[in-house]
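The values are calculated or read from the model by the stated rules, or taken from the named source; none is laboratory data. Treat the numbers as computed from the prediction; the structure is a model and nothing was measured. FYI the Cβ positions are ideal-geometry reconstructions off the backbone, even for glycines, and counts take in every protein chain you see. These area figures cover heavy atoms from the full protein model, side chains too; ligands, DNA and RNA do not enter into them. Shrake-Rupley method; radii C 1.70, N 1.55, O 1.52, S 1.80 Å.
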Amino acid sequence: MRRFSQLHPAVNLLFFVLVLLITMLQLHPAFLLVSGLWAALSLAALGGKSPLGVRTLLVLMLLIALGNALLNPAGETVLFTYLGERTFTLESLAWGGSAAVLFGSVVTWFACFHRVMTGEKLMHLFGRLTPTLALLFCMVLRFVPEFSRQLRTLSQTRSSLGLGVEQCATLTQKISRASTQLAAFLSLALEQAADTANSMRSRGYGLPGRSSYTTFRMDGFNAALLAVMAALGGLTLVSLALGAGVTSYFPGIALASGRWLWVGVAAECLLMGVPVVLNWKRR
């Protein structure tokens, strides 16, 4: 049994496209809770961590839920009033809670995407079709971790020379040193981008008729899993198109129910559980 990250890049990409589409196309609590639960379990199974941190993500979700309820007085079920006659309604809280789960699920799924879809996989999928965009996308994916490390190194180096921002006595000096540090960092980033472009050009990257080496093969297991995921994702999207994800929070809460809701939720459950099942079966 192969781990999820060892599958063919086309299988991984189809999974994340389907998962993100299903998560973002509706606000039904049943679909969102399934997506959020599997996103957290998948990230744990893949050995990754949330880019915002678990505590920070939970705090942001809580702020989204409570912030919407405090700022939006719409709804017919008043829980309590504050600041005179301003109402805190159940409908606004429910809408904010759904939006918070949607936000947390999408952030977590993108963390899984970043863990699985490496630059090599993206180059394999798009390198021949759109070599320039593929290279640009790979550079964007590595931008945040790479340049965060470089910015930290630059800050430590300047601090060791007595030029750190935290070593300034006045606000004017802090602004001046921070501006100098930012200018040096941007110059380094631009220089590295130019070096990468020149290096790839010298190797003939993007020329017509060039060959490329890859270790990815679409074997029977990958093809079967691709077909199963396409069927499950298609069934879930069809159920949403037939009204399974219809949700209304104002003026009262009205959620879709019935056969297609349970069919869609079941198909979504099976689809989103693929990474966890493969990784835990491997272990």
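For the range 135-283, the Cα gyration tensor yields ellipsoid semi-axes of 48, 30, 16 Å (square root of five times each eigenvalue, largest first, whole Å). The three principal axes of the Cα atoms in the range 86-171 give end-to-end lengths of 57, 52, 19 Å, sorted in falling order. Under a model in which nothing but the beta-carbon of Lys, Arg (+1) and Asp, Glu (-1) is charged, the chain shows a dipole of about 1100 debye around its Cα centre. Under 1.5 on a/c is rounded, so check that first for the range 152-209, then, if it is not, pick prolate when a/b is larger than b/c and oblate when it is not; a ≥ b ≥ c are the square roots of the alpha carbon gyration tensor eigenvalues. Prolate shape, in that a/c is at least 1.5 and a/b is the bigger ratio. Identify the residues of the range 31-74 with backbone N under 19 Å of a label point that sits 7 angstrom from the Cα of A224 along the Cα-to-Cβ direction, or state none. The answer is none, because no backbone nitrogen lies closer than 19 Å to the label point.
With 25 Å as the cut-off, how large is the P(r) tail for the range 70-217, expressed as percent of Cα-Cα pairs?
61 percent
Before I look further, what does the range 1-62 give for accessible area per residue, probe 1.4 Å, in whole square angstrom?
Numbers: 2860 Å² over 62 residues.
Per-residue value: 46 Å².
The alpha carbon radius of gyration of the range 181-266, expressed as a multiple of 2.2 N^0.38 Å, is 2.09.
Its alpha carbons considered, the chain gives a radius of gyration followed by a Dmax of 23.9, 72 Å.
Cross-link partners of K281 among lysines, defined as those whose alpha carbon lies under 29 angstrom from its own and excluding same-chain residues fewer than eight positions apart: K49, K121.
Here the chain exposes an accessible surface that is 68 percent carbon and sulfur, computed with a 1.4 Å probe and the other protein chains kept in place.
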